[in-house]
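Undergrad: Sharing a structure with you now.
The values are calculated or read from the model by the stated rules, or taken from the named source; none is laboratory data. Quantities reported herein were computed from a predicted structural model and do not represent experimental measurements. No Cβ is skipped: glycine too gets one built from the backbone with ideal geometry, and neighbour counts run over all protein chains shown.
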Amino acid sequence: MALLADATSELLIDGKLVPGGAGAFPTLNPATEEVLGTAADADAEDMGRAIGAARRAFDDTDWSRDTELRVRCLRQLQQAMRDHLEELRELTIAEVGAPRMLTSGGQLETPLEDLSFCADTAESYPWSTELGYATPQGIPTNRTIAREAVGVVGAITPWNFPHQINLAKIGPALAAGNTLVLKPAPDTPWAAAVLGELIAGHTDFPPGVVNIVTSSDHAVGALLSRDPRVDMVSFTGSTATGRSVMTDAAATIKKVFLELGGKSAFLVLDDADLAAACSMSAFTAAMHAGQGCAITTRLVVPRAHYDEAVEAAADTMSGLQPGDPNSKRTICGPVISARQRDRVQGYLDLAVAEGGRFACGGGRPADRDTGFFIEPTVVAGLTNDARVAREEIFGPVLTVIAHDGDDDAVRIANDSPYGLSGTVFSGDPERAASAAARMRVGTVNVNGGIWYSADAPFGGYKQSGIGREMGLAGFEEYTEIKVIATMAT
Ligand code: NAD
């Protein structure tokens, strides 16, 4: 079966692939601006039916108690994705503008293989543990702690790493016994819609357990935060939208899980290999055109070596010109849309207005008048107070900031409304460890270590979110805790 026959996608509601009540909307190739095809455009009624189906599948079937069925279905989905891997790869490059080389990692193959962690966890998880005998208030009692699914999960996702984020919600939510409605970003509907096709055609998921609702209208997604039939909203996206999800969810006291924005710092201490660290920082900031929430976009370097650091970062960035995501050599592809390109350009204009200068880049590449490309850019001459240093840009833009020693570097890293991730480079493991310990962030890379892994929880402090995705902690986000107290006889 070829995916997306006729270059059009459907919704998955109650086990059936159906057209959208509001018709269809185009999906674009951000590297060429060509229309790839269309995606089903759901209306509020479609969303209502999807939520109703998920509610029934949770309340009226054994799904939440049948671990064997859940594990089988998840492994079937994983296998179906493996069987369609090359189609999925081409789709990801075309729709997301993801550089081909990243589809062997975080853009496709890694999250696909990470589904094993969810299935394995469901199999080995201690769903029930004995708290033991006690005599609370003098009553002899045997206590058991049960872990159960939360219920119906509404999952709302962004466009930057759609497979990773869709699967990091679907995997643990379903493995833990929830049912789910996934509402992906309007910029990347196909990445989610193909999961619907694979689920409908290649798995035993009972009707209503997974529903996939693509829509061009953000308001359709917002229904997930408001509908009383939804027990939990799992959201990844901008902090501004996260705030509105939380506000909407407050009316029915839903559990809210948020993975939001970041403005992470890359600290180079004065005993580090400055050139190597700055080069790595620049490389990271240009990858996938900077469209990663955990990318370190503030390079914080010793004041005495500021100019040298800017030069090293600019040297690397100049060599990473934005290119065709189809090419095996491209690291920096397009940003997702004209809107996002204009937003990044607005920040570049702001950098100049704030007194910054470009050590490289600074606008659209001269040789590319189609496609949503932005030059990888190093901004120098600003302090951490500049808006460009404080706000999330989500483009290939690295701001270099001077520090006056380890304490000052940590202070700058923490002087942010966000707290998602960070990096420390130092020649002294103890100094690096001390800085890492003091950073108020959810993940830290020390001297090049990789924190991303199926078994490692990921998430943010402060306005970068609430809760953790992935790892055992990510699985348990999708569970409730029940204490069963039985009077001992
Ligand atoms: P966005 O917040 O605009 O949209 C994210 C999703 O929310 C989309 O599906 C959108 O349709 C939906 N949405 C929009 N308004 C809504 C509302 N009022 N109620 C419910 N849903 C609504 O974000 P984006 O532009 O798609 O993605 C970029 C942002 O996502 C960046 O800020 C980035 O940092 C963040 N992000 C965070 C992580 C993380 O794990 N922390 C991962 C990837 C992206």
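Undergrad: Could you please find all residues in the range 182-233 being farther than 22 Å from residue 255 by Cβ, away from the ligand (no atom under 15 Å from the Cβ), surrounded by fewer than 22 Cβ atoms within 10 Å (Cβ to Cβ) and among the charged types (D, E, K, R)?
TA: Across the range 182-233, the qualifying residue is only 204.
Undergrad: Residue check: is residue 334 assigned by TED's automatic domain parsing to the domain that holds residue 424, under 19 Å from residue 394 (Cα atoms), in contact with a Cys (Cβ under 7 Å, 6 or more places away or on another chain) and touching a residue at least 12 places away in the same chain (Cβ under 8 Å)?
TA: Answer is no for this residue.
Condition check ((1) closer than 22 Å to residue 296 by Cα; (2) among the hydrophobic types (A, V, I, L, M, F, W, C); (3) touching a residue at least 40 places away in the same chain (Cβ under 8 Å); (4) not assigned by TED's automatic domain parsing to the domain that holds residue 432) across all residues:
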{"position": "224", "(1), (2), (3), (4)": "no, yes, yes, yes"}
{"position": "227", "(1), (2), (3), (4)": "no, no, yes, yes"}
{"position": "230", "(1), (2), (3), (4)": "no, yes, yes, yes"}
{"position": "239", "(1), (2), (3), (4)": "yes, no, yes, yes"}
{"position": "242", "(1), (2), (3), (4)": "yes, no, yes, yes"}
{"position": "250", "(1), (2), (3), (4)": "no, yes, no, yes"}
{"position": "255", "(1), (2), (3), (4)": "no, no, yes, yes"}
{"position": "272", "(1), (2), (3), (4)": "yes, yes, yes, no"}
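Undergrad: In addition: Looking at the range 160-180, can you tell me whether even one residue there is within 15 Å of the ligand (Cβ to nearest atom), assigned by TED's automatic domain parsing to the domain that holds residue 28 and in a strand (DSSP E or B)?
TA: Checked the range 160-180: at least one residue is within 15 Å of the ligand (Cβ to nearest atom), assigned by TED's automatic domain parsing to the domain that holds residue 28 and in a strand (DSSP E or B).
Undergrad: Tell me the helices (runs of 4 or more DSSP H) entirely within the range 373-489 that contain at least 1 residues that are among the β-branched types (Val, Ile, Thr).
TA: The helices (runs of 4 or more DSSP H) meeting that bar are 387-390, 406-414.
Undergrad: Hey, another quick one. Sort through 115, 131 and tell me the only one that's farther than 22 Å from residue 329 by Cα, part of a strand (DSSP E or B) and in contact (Cβ under 8 Å) with a residue 24 or more places away in the chain.
TA: On the way: 115 fails: part of a strand (DSSP E or B).
None of the others qualify; the one that does is 131.
Undergrad: Using beta carbons and a limit of 6 Å, which pairs, at least six apart or on different chains, have the first residue in the range 399-414 and at negative phi and of a type in the set (Ser, Thr, Tyr) and the second one at pLDDT 95 or above and assigned to a helix (DSSP H, G or I)?
TA: What qualifies is 399/388; 399/389.
Undergrad: While we're on this one: Which of the residues belonging to the range 95-107 are of a type outside the set (Val, Ile, Thr) and under 17 Å from residue 27 (Cβ atoms)?
TA: 95, 97, 98, 107
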